[in-house]
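Structure first, then comments.
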Amino acid sequence: MSGLHHVTAIAGDPIRNFGFYTRDLGLRFVKKTVNFDDPGTYHFYYGDETGRPGTILTFFPWAGVSPGRRGVGETHQTAFRVPQRSLGYWTQRFTEKGVAYEALEKRFGESVLPFTDPDGMALALVGIPGAENEPGWSNGEVPAEHAIRGFHGVTLLLDSAAKTASVLTDVLGFKETGREGSVIRFKAPGDAEGSVVDIYEAKGFLRGHQGGGSVHHIAFRAADDAEQGKMAERLVSDHGLHPTEQRDRNYFRSIYFREPGGVLFEIATDIPGFAVDEPVATLGRDLKLPSFLEPHRKQIEGVLPSLEETAS
């Protein structure tokens, strides 16, 4: 399977982030853990009922973080899929909830509703005909029929598209499928979640600056370690890029590299998934720590803000 595995972004206040994504957007909170490299910080995972690859948006919430500035060398927008006929529902919901959104627009023949989260992260809903026939999950906030069905894809804002395009097509399993103005569309096979990457070529634009509301990195799918290893070999031999050694993230195993346009890419395995340390029925309920941090649980829990007041 090709396509996006997850998108990881930077947020400010963790309680505000948790409320927006679980209540306003109705996503499932599939994992409450910490940033393995900075364990005094949460790492939140939101997705569908089981947290399948292609549905997972994750956050490092750093209270008091300075806002990012969108620009070249960054992910410009992250888009979710919803049923085409649900866009009216979402427009009304955004109005009621005070979510900042823009007028509906057309891209590559699809209806797109751009909006932003409380940290200014650029998001969109894309109306997909027939998506209502895919399973939807509801926590009682958003009816299942209107629920988000994973990612549509991401838009990268780059100075030049060519070298990044060759990584997408040679290594990550995408094909160029169309052009519209300065935007080139790439698709992974099938119409599964997270199958679209758009490159918006913007020569001469200011470079972006990471902060609150910025995407930290985007992760692409590898079925398993063997497939990931082959992809890493192609990055080195065909593109002169040097991914990191594999890192175990408990729910997937990852390698990272900076693609030619400056965006941090990850290749993450589909296995083992989020049910490896808690049952699907209670995903996201308890703080989960990797074994090397478990001895420090009391200390870590002492510095993390409680989410209980928002969970009732």
**Item:** Evaluation of Val65 against (1) in a strand (DSSP E or B); (2) under 18 Å from Ala122 (Cα atoms) (one fails), failing number
**Value:** (1)
**Message:** Checking the conditions here, which among Glu259, Glu245, Glu308 is farther than 26 Å from Thr22 by Cα and surrounded by fewer than 12 Cβ atoms within 10 Å (Cβ to Cβ)?
**Reply:** Glu245
**Message:** Residues to consider are Gly98, Gly127; find the one that is at positive phi and either open to solvent by less than 40 Å² (accessible area, probe 1.4 Å) or not polar (S, T, N, Q) (or both).
**Reply:** Gly98
**Item:** Residue, surrounded by the fewest Cβ atoms within 10 Å (Cβ to Cβ), within region 274-287, restricted to residues that are of a type outside the set (Gly, Ala, Ser), without any contact (Cβ under 8 Å) to a residue 60 or more places away in the chain and not in a loop (DSSP other than H, G, I, E, B)
**Value:** Thr282
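Examine region 132-152 for a residue that is part of a strand (DSSP E or B) and touching a residue at least 60 places away in the same chain (Cβ under 8 Å), and state whether such a residue exists. Talk me through it step by step, then tell me what you get.
The first filter runs over region 132-152 and keeps only residues part of a strand (DSSP E or B), leaving 151-152.
Applying the additional criterion that residues be touching a residue at least 60 places away in the same chain (Cβ under 8 Å) yields 151-152.
The answer is yes; a qualifying residue exists.
From the list Phe220, Phe292, exactly one residue is aromatic (Phe, Trp, Tyr) and part of a loop (DSSP other than H, G, I, E, B). Which is it?
Values: Phe220 fails: part of a loop (DSSP other than H, G, I, E, B).
Phe292 is the lone residue from the list that is aromatic (Phe, Trp, Tyr) and part of a loop (DSSP other than H, G, I, E, B).
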**Asked** What is the residue count in region 153-172 for residues that are in contact with a helix residue (DSSP H, G or I) (Cβ under 9 Å, 6 or more places away or on another chain) and either surrounded by 16 or more Cβ atoms within 10 Å (Cβ to Cβ) or assigned to a strand (DSSP E or B) (or both)?
**Response** 5
**Request:** Please tell me if Ile271 is closer than 28 Å to Arg81 by Cβ and not in a loop (DSSP other than H, G, I, E, B).
**Result:** no
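Going through Glu233, Glu176, Glu193 one at a time, which residue ends up being modelled with pLDDT under 95 and not aliphatic (A, V, I, L, M)? Don't jump to the end; show me each part of the working.
On the way: Glu233 fails: modelled with pLDDT under 95; Glu176 fails: modelled with pLDDT under 95.
From the options Glu233, Glu176, Glu193, the qualifying one is Glu193.
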**Request:** Report the residue count in region 93-124 for those that are hydroxyl-bearing (Ser, Thr, Tyr) and part of a loop (DSSP other than H, G, I, E, B).
**Result:** 0
**Asked** Mind checking whether some residue in region 232-242 is open to solvent by 50 Å² or more (accessible area, probe 1.4 Å), closer than 30 Å to Gly127 by Cα and either free of Cβ contacts under 8 Å to residues at least 40 places away in the same chain or not in a loop (DSSP other than H, G, I, E, B) (or both)?
**Response** no
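The values are calculated or read from the model by the stated rules, or taken from the named source; none is laboratory data. Quick caveat: nothing in here was measured; it's all calculated off a predicted structure. We place every Cβ from the backbone using ideal geometry, glycine too, and count neighbours over all the protein chains shown. All accessible areas refer to the heavy atoms of the entire protein, side chains included, with ligands and DNA or RNA removed. Shrake-Rupley method; radii C 1.70, N 1.55, O 1.52, S 1.80 Å.
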